[in-house]
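Following: one structure in structure tokens, then a few remarks.
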Amino acid sequence: MSILITGGAGFIGSNFVLDWFKQHEETLINLDKLTYAGNIENLQSLEEDERHRFVRGDIGDKNLVNALLTEHRPRAIVNFAAESHVDRSIHGPEDFIRTNVVGTFHLLETARHYWNTLPEERKAGFRFLHVSTDEVYGSLSEEDPAFCETDRYEPNSPYSASKAASDHLVRAYHHTYGLPVVTTHCSNNYGPYHFPEKLIPLVIHHALAGKPLPIYGDGRQIRDWLYVKDHCSAIRRVLAAGKAGETYNIGGWNEKANLDVVHALCDILDELRPRSDGRPYRTQITFVKDRPGHDRRYAIDATKLERELGWKPAETFESGIRKTVQWYLDNPDWVRNVTSGAYRDWIDKHYVV
Ligand code: NAD
Ligand code: DAU
């Protein structure tokens, strides 16, 4: 038996692949285009591991995907591959439409043709697990209840609109063709191998480099944070027991305002790696121009996943964020390698402080 993962060299995908082999023996085919966000170095520890087959390629390349499916005959596809950064989608939405919408469409088409070739006894057990986001539900006010699976879609950024479009295609492939799909909607992840364009790794990296810590607008926007390994365990659970055609929210009940997250990071760094001048890292905080169309609050109600599939996160925000800071302190080479070229161009283009 085998499974096919897409985007498995990115932040969540590589954590998923690494964790997968702690519990599974079956072959995992990892298809990743290695965009600026994909980093094969994350998977260095699997270099000699025959269970892991890495293939560089695009989810939209139907010939390649078809060849992989025909050769390996996987029992499931888990689709992590996407353009994932909201700010980049505002600067240039086209890549988001190409991969998140058109790429997912091609992947679904190829998966459908492959699924039709499976013997009847394997068809029902097959899964196409689509990894989506809480952002498709739009933005909450402070009084609103957390997002649940039946909420309507109200995506606000080109990124979330592209994810919403892909979710609709996934849903349609179940309704129309019977493809056994499941879709997950997770809140904000953090943890090891997180590319330092996103808030938490960016702040850790900039703090240690003595650079400004940019806070958009008033910093009171709320995100619901989940340690990446908990997201991975939820996906494994949905893959094992999720019902075809269903959607599942994934979250850790950890709503925090951005400024509070940055304060927490600064305080942990003050303790673990104090600045040489003895001043607190909070002095590096700088308020910058807000993100256009910035969603005010996300919050996930994960009751369905907890009740129906018995999943619970292992980490609290306090334990997860400490592990994360420690990981970045222990892995300066990883940060150095990913913050060359493309990263620096992005910072110069995006942050006009
Ligand atoms: P990421 O940007 O770190 O990684 C994306 C990976 O996909 C990269 O390895 C990249 O090379 C690969 N990729 C991009 N385009 C591709 C293509 N056309 N074909 C093959 N591979 C391609 O993203 P992430 O943060 O790991 O997110 C993974 C998935 O989880 C995404 O679908 C995202 O929407 C979703 N998600 C992310 C979060 C979060 O907080 N990061 C939360 C909820 C859902
Ligand atoms: O909610 C899930 C989503 O979380 C995923 O679908 C996305 O792929 C992922 O990138 C993430 O989106 P966000 O936009 O919430 O994450 P980001 O880390 O970019 O920003 C988190 C918050 O911090 C957001 O309110 C914007 C703010 N921010 C971000 C950056 C990069 C700042 O204030 N300053 C910054 O420099």
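Placing +1 on each Lys and Arg Cβ and -1 on each Asp and Glu Cβ, with no other charges, gives the chain a dipole about its Cα centre of roughly 220 debye.
Here the accessible area is traced with a 1.4 Å probe on the protein chains. For the stretch 231-349, carbon and sulfur cover 48 percent of it. Projecting the Cα positions of ALA9, TRP346, HIS205 onto the charge dipole of the chain (unit charges on Cβ atoms of Lys, Arg, Asp and Glu, taken about the Cα centre) puts ALA9 furthest along the positive direction. Stokes-Einstein, applied to the Kirkwood radius of the stretch 103-208 over Cα pairs at a viscosity of 0.692 mPa s and 37 °C, places its translational diffusion at 203 µm² s⁻¹.
A protection proxy built from the mean count of other Cβ atoms within 10 Å ranks the segments 232-244, 1-13, 79-91, 137-149, most packed first, as 1-13, 79-91, 232-244, 137-149. Placing unit charges on the Cβ atoms of the charged side chains and taking the dipole of the chain about its Cα centre, the candidate lying farthest along the positive direction among ALA172, LEU309, CYS232 is ALA172. Packing around the peptides 288-296, 189-197, 62-70, taken as the average count of other Cβ atoms within 10 Å per residue, puts them in this order, highest first: 189-197, 62-70, 288-296.
With the cut-off at 1.5 for a/c, could you classify the stretch 1-105 from its C-alpha gyration tensor as rounded, prolate or oblate? Note, shape of the stretch 1-105 comes out oblate. Any number yet on Rg/Rh for the chain, C-alpha, Kirkwood? Checking Rg against Rh, the ratio lands at 0.96. Any chance you could check the Cα centroid distance between the stretch 214-257 and the stretch 300-347 for me, in angstrom? Centre-to-centre distance over Cα atoms comes out at 11 Å.
Calculated mean residue ellipticity, 222 nm, the chain: -12500 deg cm²/dmol, from DSSP H runs (n ≥ 4) at -39500 (n - 2.57) each, averaged per residue and rounded to 500. Ordering TYR216, CYS186, LEU64 by Cα displacement along the dipole of the chain toward the positive end leaves LEU64 in first place; charges were set at the Cβ atoms of Lys, Arg (+1) and Asp, Glu (-1).
The values are calculated or read from the model by the stated rules, or taken from the named source; none is laboratory data. Please read these numbers as outputs of a predicted model, since none were measured by experiment. Neighbour counts run over all protein chains shown; Cβ positions are idealised from the backbone, glycine included. Each accessible area value is taken on the protein alone, full model and side chains, heavy atoms only, with ligands, DNA and RNA left out. Shrake-Rupley method; radii C 1.70, N 1.55, O 1.52, S 1.80 Å.
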